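The values are calculated or read from the model by the stated rules, or taken from the named source; none is laboratory data. These numbers were taken from a predicted model, which means no experiment stands behind them. Cβ placement follows ideal geometry from the backbone for every residue including glycine, while neighbour counts extend to all protein chains displayed.
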Ligand code: NA
Ligand code: NA
Ligand code: NA
């Protein structure tokens, strides 16, 4: 069976038209929702912005409770304290993560510390802007 | 059943001899074909060499139609034009690919542009001689 | 069926107690064995330490039999000798491995050679402290 | 001795006939296009070599062929017939995709929808040519210009056509630079091609984070049957945009998609065994594939012109051609044609937006057709 | 026209009911926690999105749902029901783990053992609440605070509960920072929290090399049923420590574990279809999950205090809380609480030792319970 | 209480007998050789640890053992029994292989062919010792000195022997440095060993691009049954040489082959359960394995000498020993022995050429034997 006959026989017209309508409708709805998204976004921003503050207060908290502890600047010891923190991040990690963890573990002068670990080559690049521990 | 008896019973001699002959013949043929390959190669070279020319003419074409457009040298804009091009290449890419794409997208002074993107650290190494966009 | 009735009916008490005992016992044994491990270790050290010596004698052997061969310092040739060695190591490798292989292949002045290959950019970093051949 | 004879009668040299030769040539052409012309090499090279592998004559019932259970190829091919590879490829594509341009100019989505008309038009043509409905739907989906989507739907509706449909889909995707530009020029005036699109607004991270979830729910509530494709697609994109699971997103857009691509291409190629592939049906499929791509392009462009009739803010109708996706080929063609008309006219980013919606659009169509015809 | 109607009646919009809405909200909350709060994002994000995917209403018997054979989700979910994913995840965890601190202070292993009491206590509670023994065991294992272990045992004993148990396990692991500290403080005096642990000795390479083999043999001789978890776990660790197969260890702790994590999370999430998930059993499971974590923490801490009664060299009882593993969350909590009591008190490394033994401990418990209840 | 007894009677401590102890020692030796001696660590380490895992005594019919359906090990082992892992490993090997030296000196291929005589000689010996034909063929293939090839053929012809044959093949590959040099010295004069090979011509990219396709067609037309190995092998090599799909080639030669290697090694090791492994057959297999390697080496060297009788341009017969592949071990041994005889004699590149052809040769032999014996 061929031609229009075949099409009608298999209910082709209905399927084609319905199909077109549905995909049009679907993407139109999606397009509309997207166009409204920035409004929803602004509403939610607050929610997502909680994170920075909250982490920053984490930073604040231990900083407060931490009495400056010079000996930590001995890199060997520093590493022994930091390395376990990064275990969870896989074998390579981004410095900002290490920084967050280090802070939450209340080590003093974290910035200074990590930088010196970098300079001492204890923390080495692992490509893609990630780093790993020198073995 | 053991010994020669077992071998003949299982048609071992035939299999062994046939097997040796076939593998010898097979690799001999292969060796011969390989030894002739460089002739086929020289014939085909032309075909494969079409590519450089063809790409180079691609280079040529848009260059012609492109009026120098200084503002593009603003790296931010440059990136907005180039980054989508690299989407198809996965998250990291080789500079030569970016270069080809950039050319075919008719941006002016592509070389200059890409170099400055590198220098500005907008394009950063991703190991294995590949590069990616600084995020 | 609920409460203690259910527990006893399903032989729960037995399982719970047995379970606790077994895991306790198991980890206790493991803990004890671990605490003795360093003794076993010191015994075995000898075994594992054979390796360095043995490799070092490998180093020694060919060195002896190798008459200094200046032309090898032509990097192109050097590469042709070394690259196949690294085939087995995958597409990137650690310099120390290359070094070992190079030694066992009795090339002269291996250290000098590899360093110059690095400097000449014939061997390039591939991230994670591994290296690969410049293509 | 008779062992020797018997072995020889099982060699390819003895079993080969002209059809194998034809297919081996086809495979070689694919490889040549991939390497020398760099047409979609990530697809054409594996498929091309797969065609070689699949068309080495062998003694059937031996456990070697891709259609013989327990053969290695059979198991690797299972990822195609089950729809797993397409689903995984979409995971990786999602982890690569950047929807900012789409989020910035949502109305371009309609162009992505319009381009899908090619699917239904081809579906009707296929019916008219006497294909069964399920076959016709699988052929129509070629117009979506999405390899994985075509393979997925065909695997569900007409698995015996996976080979020809996949080959047709990928061939025409590779030929986009030859197919689309003439159609675009034919249907647009120089002035239309010169229309500049407005600068895009920057999109907030939150929008990018909400989109995958919203997109999944809206698309799949409408066409649940597109879950296997859009579910992983939006999941991959959320992993990428979230920024908190970078190692997963990284793996998804590298190893995972690469592995799926390798085995998808190799086995789809190998599924084109001469005896099942060289049929009149395949000829029809290739003819209809060309129709599909052309109509899809045309309807996208024309819809763009229609939109201009009703909205005062004119859009460049060329963008409609990018609605067929064929990522990223068509977007680049649109960009090039636009540049030809006006060297300062940068359509690329907007074209990419149409591309993305084209991908979503044809996945939805696959869901629709599947639910129409599954019973 | 009736086709149109019939299609609409198959859309999610028509099929959805309030339960789907609930689950979609749950999924969104998981995603929100993962992104905004960064609670265990590697787990919560895939699971959360999986919940969305699994709760899009669709017409059953269509080959779409995760419980319908031949659906893509069904095949991906097979890695969960068969126990393959958990086993592979343990391979990667082993290739990441560093046992030096455990090797340096073996007696801390007892704390890891003690924390497992939470498992058996919860097991009894579950029985008392009327759960069947196999269900009760699967619920109890939540107290092990190891996602893969819980999923593995549940897949073997009570596959119909994989969804709720996995969700409960991972939720509470994400909530460790809220659950553990109060319990620790409640059960310890300030002076106990201030106890410093002695400097650790350095561990020789040979010890690290012998441990995986010794650990495998000792643990699995006792509980052979834990082979699927501990076999790969110790294998991964040996690959890492040996230093002679770095490329394998590297692949194991990156691509392999990432891939398993992606599909484990996605499909476990998708397995929470509203109709099978929203049951009173799930409520009970969540309640018991909280019990499990609390008791586990408590028993770890209390056992630490008991040990102090008998040994002159006092240990810090807080470390007991790290015995529940929940790597690395609990170790960090212990460290933080210790620091609160005395800013110079660094418990992290010792807590990590307890963590490791907690992982081994609960894998052994899974083996024990499985062998008790399999018949 | 009786529960406790009953549990104890299921522990390894109760079930273990001397055979388990033997196997555990064997496994430990493998691990020791891999780590301390660095003999083929990528193979010996996973296999060694697998032997430990497979020989922990457990209660049968429990769903734990590698031979019990539904066990995790059973599913992972499926990649071996189905032949998928070997096929995938060859994909990665192809993506690593560099055929330039082979393309530059094609006649060396004959040495690779000659070395395969070891396979057929061992096949006859095995028959003579009373092994069944299918077993004998699987044992003979050990002479190919290719792990994946041996495993593939054995999985097809005599799956019950996978364990011993794989162990034998890999053990002798690790022992190449002890087996080959004496044979080489025995069969060659100092002057022969000192023969220098001519400088190699440089090979054009086009040749490298044509070779994979030509190699596939020529080898598999002759022995179609080697498609599963050579199909992926040449595919991997084309991906590498094409240079247009670097990301795929890169994934193939890293993650894909690493993953296959890990699970292949682990499960092959675990398949050596004491009760199925410690048989007189295994003893015979190990004896025949030694024969296979020795004969293969000898026939390669002798064939080199024969070639010298007929061609005026002499080749160094040592190269014949590299025809057994055992990549890259044998090539290195040839190089070393050559250096011993003349410190300026660099045979490495030519030896690598023989290696490559040895790999192709034994894959063809696997195809031949399979097609002989499958029926
Ligand atoms: Na599309
Ligand atoms: Na635990
Ligand atoms: Na071989």
Condition met for residue F:311 (away from ligand 3 (no atom under 13 Å from the Cβ), more than 21 Å from the chain's Cα centre (by Cα), more than 11 Å from chain C (Cβ to nearest Cβ) and at pLDDT below 90): yes
Pairs, first within 16 Å of ligand 2 (Cβ to nearest atom) in region F:290-306, second in a helix (DSSP H, G or I), C-beta under 9 Å, six or more apart: none
From F:366, F:341, residue being at pLDDT 90 or above and either within 16 Å of ligand 1 (Cβ to nearest atom) or more than 24 Å from residue B:35 (Cβ to Cβ) (or both): F:366
Search result, residues across region F:190-219 that are facing chain D (nearest Cβ under 8 Å) and either free of Cβ contacts under 8 Å to residues at least 12 places away in the same chain or more than 26 Å from residue B:23 (Cα to Cα) (or both): F:217
Some residue of region D:83-91 being more than 16 Å from ligand 2 (Cβ to nearest atom), over 28 Å from residue F:242 (Cβ atoms) and modelled with pLDDT under 95: yes
Selected residue [modelled with pLDDT of 90 or more and surrounded by fewer than 24 Cβ atoms within 10 Å (Cβ to Cβ)] from E:293, E:287, E:277: E:287
Residue in region E:96-113 that is within 23 Å of residue F:63 (Cβ to Cβ) and either away from ligand 2 (no atom under 16 Å from the Cβ) or at the interface with chain C (Cβ under 9 Å from one of its Cβ atoms) (or both) present: no
Enumeration of residues in region F:326-365 that are crowded, with 23+ Cβ neighbours inside 10 Å, within 9 Å of another protein chain (Cβ to nearest Cβ) and not in a helix (DSSP H, G or I): F:327
Checklist (1) within 16 Å of the chain's Cα centre (by Cα); (2) at pLDDT below 95; (3) crowded, with 24+ Cβ neighbours inside 10 Å applied to residue D:109, failing item: (1)
Residue in region F:102-114 that is touching a residue at least 12 places away in the same chain (Cβ under 8 Å), assigned to a helix (DSSP H, G or I) and under 30 Å from residue B:9 (Cβ atoms) present: yes
Residue selected from region D:227-286 under the condition more than 9 Å from every other protein chain (Cβ to nearest Cβ) and not in a helix (DSSP H, G or I), by the criterion nearest to residue D:55 (Cα to Cα): D:273
Among the residues listed as E:175, E:153, E:129, E:187, the single one being touching a residue at least 24 places away in the same chain (Cβ under 8 Å), within 15 Å of ligand 2 (Cβ to nearest atom) and out of contact with any strand residue (DSSP E or B) (no Cβ under 7 Å at 6 or more places or on another chain): E:153
Any chance residue F:58 is touching a residue at least 40 places away in the same chain (Cβ under 8 Å), within 9 Å of chain E (Cβ to nearest Cβ) and assigned to a loop (DSSP other than H, G, I, E, B): yes
Residue list for region E:169-196, filter: assigned to a loop (DSSP other than H, G, I, E, B) and surrounded by 22 or more Cβ atoms within 10 Å (Cβ to Cβ): E:188
Count - residues of region F:115-136 that are part of a helix (DSSP H, G or I), more than 10 Å from ligand 3 (Cβ to nearest atom) and facing chain B (nearest Cβ under 8 Å): 9
Residue selected from region E:67-81 under the condition in a loop (DSSP other than H, G, I, E, B) and away from chain D (no Cβ under 11 Å), by the criterion surrounded by the fewest Cβ atoms within 10 Å (Cβ to Cβ): E:68
Of all residues making up region E:157-168, the number that are within 14 Å of another protein chain (Cβ to nearest Cβ) and either crowded, with 24+ Cβ neighbours inside 10 Å or within 16 Å of ligand 3 (Cβ to nearest atom) (or both): 0
Of the criteria (1) over 18 Å from the mean Cα position of the chain (by Cα); (2) in contact (Cβ under 8 Å) with a residue 12 or more places away in the chain, which one residue F:262 fails: (1)
